[in-house]
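Participant: The structure's right below; bear with me while I get my questions together.
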Amino acid sequence: MMWVALAFLSAALLGCYDFFKKVSLKENAVIPVLFLNTLFSALLFLPFIILSRTGNITDETLFVPAAGWNTHLLLIIKAIIVLSSWMCGYFAMKHLPITIVSPIQATRPVMVLIGALLIFGEQLNVYQWIGVSVAILSFFLLSKSGKKEGIDFKHNKWVALVVAAAILGAISALYDKFLMRSLAPMLVQSWFNLYQCMIMAAILLFLWWPTKEKSTPFKWRWSIPLISIFLGIADFCYFSALAQEDALIAVVSMIRRGSVIVSFAFGAIILREKNLKSKAFDLILILIGLFFLYLGSK
């Protein structure tokens, strides 16, 4: 099935995205890297907006429809939510091993499910409760693994940031559920990337630039544009998978979170991070939890 293949491709690309993000942020200034990420992402989608306006794109999958000011306000809010998540995630990724960050981020579907329970009044079945419980257990065990590297989950601000990034990411997913009721995926993906770039440009110019001498200096790396390229293609594959008539959102979401396997492998093989056996066990538990969430969503 094409949508399954697209979901797996999206997951693999997301894992590569996390790896290039980690490489780009090593001993580097976070704000400029994040700005360049939003800039390259905006440049990837700007042609689709222009070509849609000039009538040169007619394919429904790539077409970016026009929208009113109320819609653009909703997309600006999405840009703020996503950018806040990225800001927290980027600072966390810079200071923590990718084999710690990625499993925590993989618990996002659990947070989405809890959010759906609280906000939309959805009820959890037995499988979903098992999935949530296993994911919480894996997070506790991951904190034990982190202590072996001197990372105290209770008092480490970088751990707090990656948790905040995951929570904000879950809020973004719930907000997406609201947006996708009436908006085209390409409209959302293209415009919120542009608005992110504008917001980051302001942060770069007015907050980072005046104090850049006091912070970590910025170093250009060729891995920086790869962050945007892999993320852009991964999201495109994700939306394309969902556009298939027979696609199951529960299956697509579970497969997409499998990106943690790719990023974990990069951390183990290329970055040679520590305590991999205990972290791998924690990762397996997270994947088991996600599988139960899938079973409960069928």
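Participant: Would you please list the contacts, defined by Cβ atoms under 6 Å and residues six or more apart or on different chains, that run from a residue in the range 51-75 that is closer than 16 Å to Leu194 by Cα to a residue that is among the aliphatic types (A, V, I, L, M) and loosely packed, with under 12 Cβ neighbours inside 10 Å?
Facilitator: none
Participant: Filter the range 1-50 down to the residues that are modelled with pLDDT of 90 or more, over 18 Å from the mean Cα position of the chain (by Cα), of a type in the set (A, V, I, L, M) and open to solvent by 20 Å² or more (accessible area, probe 1.4 Å) and list them by number.
Facilitator: Of everything in the range 1-50, those that are modelled with pLDDT of 90 or more, over 18 Å from the mean Cα position of the chain (by Cα), of a type in the set (A, V, I, L, M) and open to solvent by 20 Å² or more (accessible area, probe 1.4 Å) turn out to be Leu43, Leu46, Ile50.
Participant: Let me ask something additional. Among the residues of the range 108-166 satisfying the criterion of being surrounded by fewer than 17 Cβ atoms within 10 Å (Cβ to Cβ) and of a type in the set (S, T, N, Q), which is modelled with the lowest pLDDT?
Facilitator: If we take residues in the range 108-166 being surrounded by fewer than 17 Cβ atoms within 10 Å (Cβ to Cβ) and of a type in the set (S, T, N, Q), then Gln123 is modelled with the lowest pLDDT.
Participant: OK, next. I'm checking my understanding of the structure. Among residues of the range 177-196 that are assigned to a helix (DSSP H, G or I) and open to solvent by 40 Å² or more (accessible area, probe 1.4 Å), which one is modelled with the lowest pLDDT?
Facilitator: Looking at the filtered set, the residue picked out is Lys177.
Participant: Scan the range 269-288 for residues that are at pLDDT 75 or above, among the small types (Gly, Ala, Ser) and either touching a helix residue (DSSP H, G or I) at 6+ places or on another chain (Cβ under 7 Å) or buried (at least 21 other Cβ atoms within 10 Å of the Cβ) (or both) and report the count.
Facilitator: Matching residues across the range 269-288 total 0.
Participant: Next question. Scan the range 87-100 and give yes if some residue there is in contact with a Ser or Thr (Cβ under 7 Å, 6 or more places away or on another chain) and closer than 27 Å to Gln244 by Cβ, otherwise no.
Facilitator: Looking through the range 87-100, none of the residues is in contact with a Ser or Thr (Cβ under 7 Å, 6 or more places away or on another chain) and closer than 27 Å to Gln244 by Cβ.
Participant: From the list Phe264, Phe236, which residue is within 21 Å of Lys94 (Cα to Cα), part of a helix (DSSP H, G or I) and at pLDDT below 85?
Facilitator: Result: Phe264 is the single residue among Phe264, Phe236 that is within 21 Å of Lys94 (Cα to Cα), part of a helix (DSSP H, G or I) and at pLDDT below 85.
Participant: While we're here: I'd like to verify a number: residues in the range 201-233 that are loosely packed, with under 15 Cβ neighbours inside 10 Å and either in a loop (DSSP other than H, G, I, E, B) or in contact with a Leu (Cβ under 7 Å, 6 or more places away or on another chain) (or both), how many?
Facilitator: Residues in the range 201-233 being loosely packed, with under 15 Cβ neighbours inside 10 Å and either in a loop (DSSP other than H, G, I, E, B) or in contact with a Leu (Cβ under 7 Å, 6 or more places away or on another chain) (or both): 6 in total.
The values are calculated or read from the model by the stated rules, or taken from the named source; none is laboratory data. Please read all numbers here as calculations on a predicted model, not as lab measurements. Ideal geometry is used to build each Cβ from the backbone, glycine not excepted, and the neighbour counts take in all protein chains shown. In case anyone asks, the SASA skips ligands and DNA or RNA and just uses the protein heavy atoms, side chains included. Shrake-Rupley method; radii C 1.70, N 1.55, O 1.52, S 1.80 Å.
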